[in-house]
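Below: one structure, written as structure tokens.
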Amino acid sequence: MTVSLTTSLFDLTGRRALITGSSSGIGLELARGLAQHGASVVLNGRDGGRLEAAVHRLRSEGFEASGALFDVTGEAGVKAGVAEVLTTGPIDILVNNAGIQRRISLLDVTLATWDEVLRNNLTSALLVSREVVPAMIARGGGKIICTLSLMSEVGRRTTGPYTASKGGLKMLVKAMCAEWAEHNVQINGIGPGYFETEMTAPLMQDEQFSGWVRGRTPAGRWGQPQELAGAAVFLASKASDFVNGQVIYVDGGMLAIL
Ligand code: GCO
Ligand code: CA
């Protein structure tokens, strides 16, 4: 018997998702994937113009989308931003996707840049999650998804701050699982491999590096951001109610081989 979408485990109809850092790139594609499966999505960014354009884009594609303008790196801004989102509806699904990349060697990185990366990529997930989770617990449960990286498992020269932040984020997923799973909150991670996004544009344009990625990836190619949506829909849906503290690597097989 085929399962109709309405009874599908993957149906997100009636659910509302907040995706941080979703004005573009992976975050916007994750939001689009959740919306395609019925969720109403709240995009977040700290640049009003880009955020507005992204919300307008999803609405023009027929999805229910709104915007929440706040910077995920500041405690006061996160408190106010999340409180504002909660005045217009619940947050059933939180995607901690916001993050930055600063490619610089460990000997050259300034403490300011180190702190900036850790704050944007790791601390932000704590700040937003702990503002969102009390209401999730009060409503009987929820879903938290963190955007990790290949760099949650392996390093690459000049990506030290990013690697440390994404490794820390993987362990924060497990720490949140330890404390919130008993309240029916599932916290998991998605680890992208090399995807064609703004963040990796400089790498894609470097023919030698781009060729290395294609050769090092068993699938023999870069990923397309929309290819991350399936893992997000799975982790946002009833289909993953007994999955907690896990990471799904979407990397074309890169982490599986030497
Ligand atoms: C880099 C890239 C990677 C990718 C991706 C891999 O400089 O190697 O920025 O970090 O962004 O995170 O998962
Ligand atoms: Ca990444």
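Which value in nm describes the separation of the simple spin-label points at ARG119 and ALA239, placed 7 Å from the Cα toward the beta carbon?
3.8
Less than 16 Å apart at the alpha-carbon level, and either on another chain or at least 8 residues along: which lysines does that give for LYS166?
LYS174
Taking only protein heavy atoms into account and a 1.4 Å probe, give the accessible area per residue of the chain in Å².
Per-residue value: 46 Å².
Let me spell out the model: positive unit charges on the Cβ of Lys and Arg, negative unit charges on the Cβ of Asp and Glu, origin at the Cα centre of region 2-256. What dipole size does that give, in debye rounded to 20?
In total the dipole reaches around 240 debye.
At 0.36 nm per residue, minus the direct Cα-Cα distance, what do ILE137 and ALA53 gain on full extension? Give it in nm, one decimal, please.
Gain on extension, ILE137 to ALA53, equals 27.0 nm.
Which order do the peptides 48-55, 239-246 come out in when sorted by mean C-beta neighbours inside 10 angstrom, highest first?
Taking the mean over residues of other Cβ atoms within 10 Å, the ranking is 48-55, 239-246.
By how many nm would the segment from LEU111 to GLU207 lengthen if fully extended, with 0.36 nm per residue of separation less the alpha-carbon distance?
31.4 nm
Which loop GluC sites (Glu not before Pro) in region 191-251, with loop taken from DSSP, have no more than 12 other Cβ atoms within 10 angstrom of their Cβ?
GLU198
With the full set of protein chains in place, find how many percent of the accessible area of the chain is carbon and sulfur; take the probe as 1.4 Å.
Percent of accessible area from carbon and sulfur atoms in the chain: 56.
Out of THR200, ALA232, VAL243, whose Cα points farthest toward the positive end of the dipole of the chain (charges: +1 Lys, Arg; -1 Asp, Glu; placed on Cβ)?
Looking along the dipole axis, the top candidate is VAL243.
Starting from the 7 Å offset along Cα-to-Cβ, what nm value, one decimal, do you get for the label separation of SER60 and ILE257?
Between SER60 and ILE257, the label points sit 4.0 nm apart.
With charges only on Cβ, +1 for K and R and -1 for D and E, what is the dipole size of region 5-103 about its Cα centre, in debye, rounded to 20?
240
Is the C-alpha gyration tensor of region 1-135 telling us rounded, prolate or oblate? Criteria: a/c under 1.5 is rounded; beyond that, a/b larger than b/c is prolate, otherwise oblate.
Prolate.
Can you give me the three principal axis dimensions of region 164-258 from its C-alpha atoms, in Å, biggest first?
Projected onto the principal axes, the Cα atoms of region 164-258 cover 48, 27, 27 Å.
The values are calculated or read from the model by the stated rules, or taken from the named source; none is laboratory data. What you see is a predicted model; the values in this text were computed from it and never measured. With ideal geometry, Cβ positions are generated from the backbone for all residues, glycine too; neighbour counts draw on all protein chains shown. Heads up: the accessible areas ignore ligands, DNA and RNA and are worked out on the full protein's heavy atoms, side chains in. Shrake-Rupley method; radii C 1.70, N 1.55, O 1.52, S 1.80 Å.
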